[in-house]
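Shown next, in structure tokens, is the structure this report addresses.
We did not get these values from a lab; they are worked out from the coordinates using the rules stated. Just so it is clear, the model here is predicted, and its values are computed rather than measured. Cβ placement follows ideal geometry from the backbone for every residue including glycine, while neighbour counts extend to all protein chains displayed.
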Amino acid sequence: MKLLSDTNVILDMVFKRNDCEISMKLFKKAKEIGVGVYITASSVTDIFYIIRKETHNTSKTYVIMDNIFRLVSVLSVTEQDIREAFEQKWKDFEDCVQYTAGKNNRMDCIITVNHKDYEDAQLPVVTPAAWIAMIGHI
């Protein structure tokens with residue numbers, strides 16, 4: 001099983017907002033059962049930018065990113081992904097790029113706390129809590 005984590009799930013953990021404990025539990029459970037969790041290369045740059053902007057500390061940002069890279073693998077974003085996302089004309093282009101890269105890399109589902117951002121997705125879209133519940137029934 002391969003999960004694509006939305007940027008917001010990572011940022012919730014970093015900044016300890018929303019239900020960050022549930023997201024942390026998801027990553028722990030995924031590691032325990034051998035599930036791969038991925039983020040897109042474009043998410044890496046977004047996450048780095050946001051963390052550095054919030055912390056005002058480049059060194060701390062690199063430490064945080066190093067910890068993130070212990071949890072996830074990074075999917076490349078290709079020109080094909082960008083063009084496909086552009087053609088879909090989603091309201092949130094960033095989310096569409098993530099979705100398209102995930103679809104083209106055969107992710108099993110997208111993990112997000114913002115379902116509405118993925119209304120047109122053809123992949124299953126679940127919250128961290130829903131994925132944990134789903135795994136408990138397998």
*Just name one of 47, 78, 98: the one whose Cα is farthest towards the positive end of the charge dipole of the chain (beta-carbon charges, Lys/Arg +1, Asp/Glu -1).*
47
_Taking 100, 78 and counting other C-beta atoms within 10 Å, the order from fewest to most_ = 78, 100
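So, R0 is 25 Å and r is the distance between the beta-carbons of residue 15 and residue 88; what FRET efficiency does that work out to, to 0.05?
Details: r = 29 Å, r/R0 = 1.18.
Approximately 0.25, to the nearest 0.05.
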_20 Å Cα cut-off, lysine pairs counted over the chain (separation 8 or more, or different chains)_ = 15
*Looking at region 13-66, which trypsin sites (Lys or Arg not before Pro) are in a loop (DSSP not H, G, I, E or B) and have at most 16 other Cβ atoms within 10 Å?*
16, 17
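Let me spell out the model: positive unit charges on the Cβ of Lys and Arg, negative unit charges on the Cβ of Asp and Glu, origin at the Cα centre of the chain. What dipole size does that give, in debye rounded to 20?
On the way: 17 positive and 19 negative charges, 102 e Å.
For the chain, the charge dipole is close to 480 debye.
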*asked:* Loop-only trypsin sites (Lys or Arg not before Pro) in region 70-138, please: DSSP not H, G, I, E or B, and at most 15 other Cβ atoms within 10 Å.
replied: 70, 89, 91, 106
*Of 82, 39, how do they rank once you tally other Cβ atoms within 10 Å and put the fewest first?*
82, 39
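Can you classify the chain as rounded, prolate or oblate using the Cα gyration tensor, where a ≥ b ≥ c are the square roots of its eigenvalues, rounded means a/c under 1.5, and otherwise it's prolate if a/b beats b/c and oblate if not? Mind dumping the intermediate values first?
On the way: a/c = 1.59, a/b = 1.06, b/c = 1.50.
Taking the square roots of the gyration eigenvalues as a ≥ b ≥ c, the chain is oblate.
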_Per residue of region 73-82, what does 6.51 cos²θ - 1.76 cosθ + 1.60 with θ = phi - 60° give for ³J(HN,Hα)? Whole Hz please, x for Gly and Pro, Karplus curve as stated._
9, 10, 8, 5, 10, 9, 4, 4, 4, 5
*Order of 73, 42 from fewest to most other C-beta atoms within 10 Å?*
73, 42
_Between region 1-48 and region 117-138, how far is it from one alpha carbon centroid to the other, in angstrom?_
13
